[in-house]
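The values are calculated or read from the model by the stated rules, or taken from the named source; none is laboratory data. From a predicted model like this one, the values you see are computed outputs, not experimental measurements. Heads up, the Cβs are rebuilt from the backbone with ideal geometry, glycines too, and the neighbour counts pull from every protein chain shown.
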Amino acid sequence: MYIPEFNRVRDHADTVSFVQANPFAILVSASDSGPFATHIPILARIVDNRMLLHGHMAKANPHWNLLQGGQESLAIFHGPHAYISPSLYESRESVPTWNYAAVHVYGQARVISEPERLLEEMREIIHAFDPAYFEQWSGLSDKFRDGMLKHIVGFEMAATRIEAKFKISQNRTKADQAAVIGSLNGSTDSAAAGIAKLMQKQGLGV
């Protein structure tokens, strides 16, 4: 990913927080016919100071077969984004742009097919996204749950390289940054408002 130095995220804690806050990702792997991508939720945890990604996909999805060859895969985590009008800047001789935040995590994934590990994966996904449902899930019959597990494949991917980019007007003046934040804060678009919040969190415009 192209990252100008002023857009590079250097605080690892910010990167981890972003990945965990934006878990719906794109997993990309190489195939004989070219890149193959799957849109899935991917959870991240830190193990021995290293980011470990994990998730699952449908067994009918051929992507999991691509994870067994030892090749590098890429998980793309994308967050808020917004069009930025040059009318917000002090200088009239400015160009339009797009502000966004993204993190690329590279690594070699390995497939998880053991029923016990898959069951634990499902528990973590439910706790992360729908904890109120966990009691209902726990009450389902073993036959139903075992049947569900037979239709999914889990995976883990230890990060070997991470690229984190926040393109949020860092190269503009504080006055321009404040104008961008003010404009996006008033937007009904949650993605645009999210950029304003991220800019404020990063201390821009002040």
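Miscellaneous remarks
- A residue that is at pLDDT below 95, under 29 Å from GLN71 (Cα atoms), surrounded by 11 or more Cβ atoms within 10 Å (Cβ to Cβ) and among the basic types (Lys, Arg) can be found somewhere in the stretch 120-141.
- Residue satisfying all of: in the stretch 20-78; in contact (Cβ under 8 Å) with a residue 40 or more places away in the chain and of a type in the set (Ser, Thr, Tyr); nearest to ARG110 (Cα to Cα) among these: SER73
- Residue match in the stretch 128-144 (condition: free of Cβ contacts under 8 Å to residues at least 24 places away in the same chain, in a loop (DSSP other than H, G, I, E, B) and within 25 Å of ASN61 (Cβ to Cβ)): yes
- Identity of the residue in the stretch 7-36, more than 14 Å from the chain's Cα centre (by Cα) and part of a strand (DSSP E or B), that ends up farthest from LYS167 (Cα to Cα): SER31
- Residue satisfying condition, being surrounded by 12 or more Cβ atoms within 10 Å (Cβ to Cβ), more than 30 Å from ASN65 (Cα to Cα) and modelled with pLDDT under 95, within set SER94, SER113, SER85: SER94
- In this structure, ALA159 does satisfy being touching a residue at least 24 places away in the same chain (Cβ under 8 Å) and under 29 Å from LEU67 (Cβ atoms).
- Looking only at the stretch 37-62, and only at residues there that are modelled with pLDDT of 95 or more and not in a strand (DSSP E or B), the one that is surrounded by the most Cβ atoms within 10 Å (Cβ to Cβ): ILE42
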